Amino acid sequence: MKLKIVLFFLLNLVTSVVFANENAAKLDIEQQVKQFMAKENIPALAVAIIQNRKINFTAGYGVLDRESSSEIDQHTIFQIGSQSKMLTSMIALELVKEGKLALSDRLVELLPGVFPEASIAEFQTLTLEHLMVHRSGLPNYPKNVSRIDGDAFLGGYNKEMLLSALKSIELSFKPNEKWQYSNFNYAVLGYVLSQVSNKSYAELVQYYISDKYDLSNTVVALTEQQKTQLATPYRKDNRAVATQPWDMGLLAPHGGVYSSINDLAHLMELQLAAYLEYGQSGVATPLVSTQIKYDTEFTQAETIYPGLIYGLGMFEASEEFPMFSSTVLFHGGDLDGFGCEYLFSAEHGVGVVLLTSSGGREFVSFARKLMEQLLPKPANKN
């Protein structure tokens with residue numbers, strides 16, 4: 001009987017210590033978030049912290065818009081920008097899994113008669129994989145995509161515009177010759193996915209992402225109810241000036257998806273579980289974004305830094321790359337208003353998600369600072 005009492009006491013003591021530590025961590029994160037928002041005049045910021053491969057907490061700080069001062073919460077919706085690429089890659093991998101596509105499929109066969117006839121030979125080796133890993137040679141945007149930097153992209157981008165761009169597009173380099181980030185890669189990828197499945201990109205997101213993983217606020221087109229949950233974006237170069245969500249049309253696969261902090265935190269939990277299984281069994285699901293990956297050969301001041309890798313919709317910074325003390329997978333998005341940062345360590349089971357209505361470089365740096373705090377300290381550091 002005494003042994004049972006002692007064990008019960010010890011169990012409660014350990015539980016209390018863990019709970020106290022988690023609460024302390026939460027309070028520290030909250031303090032940092034509030035200080036950052038005050039310093040940078042950020043109107044709204046939502047945060048999720050993952051520890052031990054589980055959601056530690058999610059929270060929203062600030063207001064939906066500066067006029068009404070209605071507070072945001074974990075269900076507030078933001079546009080996630082280029083984080084959409086990870087979702088588009090997941091959809092592509094689902095269609096590969098179903099046998100409707102292969103990563104080695106050539107674009108000239110998937111989209112016959114679309115590319116320039118005079119230079120069609122240059123496109124013969126261009127594959128689906130090249131689009132997904134940014135080794136296609138396609139430019140960041142074609143010539144018929146234009147906007148003023150800082151302003152929202154409005155007016156959409158339709159099928160006629162996309163096909164017209166592809167009809168006259170020029171490759172910057174031969175497919176698979178090198179790595180170069182291109183937003184247009186994922187617009188073309190999204191179009192291919194729609195052609196193969198006979199579903200719009202919005203329908204693909206609904207079926208393969210929202211419904212499959214129970215992410216009700218992760219959508220391309222907002223319902224009337226969801227519009228009331230949408231934060232108002234503010235320019236990152238003047239955080240007092242409201243801007244608008246981007247209306248992207250067929251460019252949405254590279255940056256037009258909406259989501260909430262609760263949804264993205266849940267998705268990160270699922271990804272961490274998938275990576276754990278992948279590490280143990282070698283079996284990859286569409287949630288494993290780096291099952292195929294290439295070094296970007298990142299160059300600065302004529303020096304090449306190895307270890308910055310790109311997979312299928314996500315970056316991976318290994319320990320040899322001067323960014324984090326451990327290997328971290330990440331992506332994010334910036335729409336000159338909305339911002340998203342999504343970072344996790346598959347090895348250590350920790351991660352952070354941030355969403356804001358006014359992003360920029362300071363926001364990116366803040367997310368990376370929080371991520372570094374979650375990682376174990378290297379043995380040679382105090």
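The values are calculated or read from the model by the stated rules, or taken from the named source; none is laboratory data. Just so it is clear, the structure is predicted and the values come from calculations on it, not from any experiment. Please note: Cβ atoms are built from the backbone with ideal geometry, for glycine as well, and neighbour counts cover all protein chains shown. Side chains included, ligands, DNA and RNA excluded: accessible areas come from the protein's heavy atoms. Shrake-Rupley method; radii C 1.70, N 1.55, O 1.52, S 1.80 Å.
Can you find even one residue in segment 243-253 that is more than 25 Å from LEU131 (Cα to Cα) and surrounded by fewer than 17 Cβ atoms within 10 Å (Cβ to Cβ)? Yes, there is a match, as at least one residue in segment 243-253 is more than 25 Å from LEU131 (Cα to Cα) and surrounded by fewer than 17 Cβ atoms within 10 Å (Cβ to Cβ).
Just the residues that are open to solvent by 80 Å² or more (accessible area, probe 1.4 Å) and either touching a residue at least 60 places away in the same chain (Cβ under 8 Å) or of a type in the set (Asp, Glu) (or both), please, taken from segment 197-211. Answer for segment 197-211, where residues must be open to solvent by 80 Å² or more (accessible area, probe 1.4 Å) and either touching a residue at least 60 places away in the same chain (Cβ under 8 Å) or of a type in the set (Asp, Glu) (or both): GLU203, ASP211. With the condition kept exactly as written, say whether any residue in segment 352-361 is more than 24 Å from LYS54 (Cα to Cα), among the hydroxyl-bearing types (Ser, Thr, Tyr) and buried (at least 19 other Cβ atoms within 10 Å of the Cβ). Yes, there is a match, as at least one residue in segment 352-361 is more than 24 Å from LYS54 (Cα to Cα), among the hydroxyl-bearing types (Ser, Thr, Tyr) and buried (at least 19 other Cβ atoms within 10 Å of the Cβ).
The lone criterion from (1) aromatic (Phe, Trp, Tyr); (2) open to solvent by 10 Å² or more (accessible area, probe 1.4 Å); (3) in contact with a helix residue (DSSP H, G or I) (Cβ under 7 Å, 6 or more places away or on another chain); (4) under 21 Å from PHE57 (Cα atoms) left unmet by TYR342 is number (2). The set of residues in segment 294-315 that are crowded, with 18+ Cβ neighbours inside 10 Å, part of a strand (DSSP E or B) and in contact (Cβ under 8 Å) with a residue 40 or more places away in the chain contains only TYR310. Does LYS236 count as among the charged types (D, E, K, R), on the phi < 0 side of the Ramachandran plot and crowded, with 19+ Cβ neighbours inside 10 Å? So LYS236 passes the test.
For segment 208-241, the set of residues classified as outside any loop (DSSP other than H, G, I, E, B), under 17 Å from the mean Cα position of the chain (by Cα) and either under 25 Å from ILE148 (Cβ atoms) or not aromatic (Phe, Trp, Tyr) (or both) consists of ILE209, SER210, VAL219, listed by residue number.
Any chance segment 298-311 includes a residue that's among the small types (Gly, Ala, Ser) and touching a strand residue (DSSP E or B) at 6+ places or on another chain (Cβ under 7 Å)? Yes, some residue in segment 298-311 is among the small types (Gly, Ala, Ser) and touching a strand residue (DSSP E or B) at 6+ places or on another chain (Cβ under 7 Å). Evaluation of SER136 against the conditions (1) in a loop (DSSP other than H, G, I, E, B); (2) of a type in the set (S, T, N, Q); (3) in contact (Cβ under 8 Å) with a residue 60 or more places away in the chain shows that the sole unmet condition is (3). None of LEU162, LEU166, LEU204 is in contact with a Phe, Trp or Tyr (Cβ under 7 Å, 6 or more places away or on another chain), modelled with pLDDT of 95 or more and under 25 Å from GLU94 (Cα atoms) except LEU162.
For segment 320-327, the count of residues that are under 16 Å from the mean Cα position of the chain (by Cα), assigned to a loop (DSSP other than H, G, I, E, B) and of a type in the set (Gly, Ala, Ser) is zero.
For THR285, state whether it is within 20 Å of the chain's Cα centre (by Cα) and modelled with pLDDT of 95 or more. Taking the combined requirement at face value, the residue satisfies it. How many of the residues making up segment 242-293 are in contact (Cβ under 8 Å) with a residue 60 or more places away in the chain, of a type in the set (A, V, I, L, M, F, W, C) and outside any loop (DSSP other than H, G, I, E, B)? The qualifying residues number 11.
I'd like the residue in segment 272-293 that is in contact with a helix residue (DSSP H, G or I) (Cβ under 9 Å, 6 or more places away or on another chain) and open to solvent by less than 60 Å² (accessible area, probe 1.4 Å) and, out of all such residues, is farthest from ASP73 (Cα to Cα).
Initially, segment 272-293 is screened for residues in contact with a helix residue (DSSP H, G or I) (Cβ under 9 Å, 6 or more places away or on another chain), giving 283-292.
This time we only want the ones that are open to solvent by less than 60 Å² (accessible area, probe 1.4 Å), so: 284-290, 292.
Numbers: ALA284: 34, THR285: 31, PRO286: 29, LEU287: 26, VAL288: 29, SER289: 29, THR290: 31, ILE292: 36 Å.
Taking the candidates together, the pick is ILE292.
In segment 1-120, counting only helices (runs of 4 or more DSSP H) that sit wholly within it, the ones holding 1 or more residues that are farther than 30 Å from LEU189 by Cβ and modelled with pLDDT of 95 or more span 2-40.
For (1) out of contact with any helix residue (DSSP H, G or I) (no Cβ under 9 Å at 6 or more places or on another chain); (2) in a loop (DSSP other than H, G, I, E, B); (3) loosely packed, with under 14 Cβ neighbours inside 10 Å, each residue gets a yes or a no:
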site	(1), (2), (3)
ASN144	no, yes, yes
ARG147	yes, yes, yes
GLY156	no, yes, no
GLU160	yes, no, yes
GLU170	no, yes, yes
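Annotation note: Cβ proximity below 6 Å between a residue of segment 361-378 that is closer than 19 Å to GLY337 by Cα and a residue that is small (Gly, Ala, Ser) and open to solvent by less than 10 Å² (accessible area, probe 1.4 Å) (sequence gap 6+ or interchain) occurs for PHE363/GLY339.
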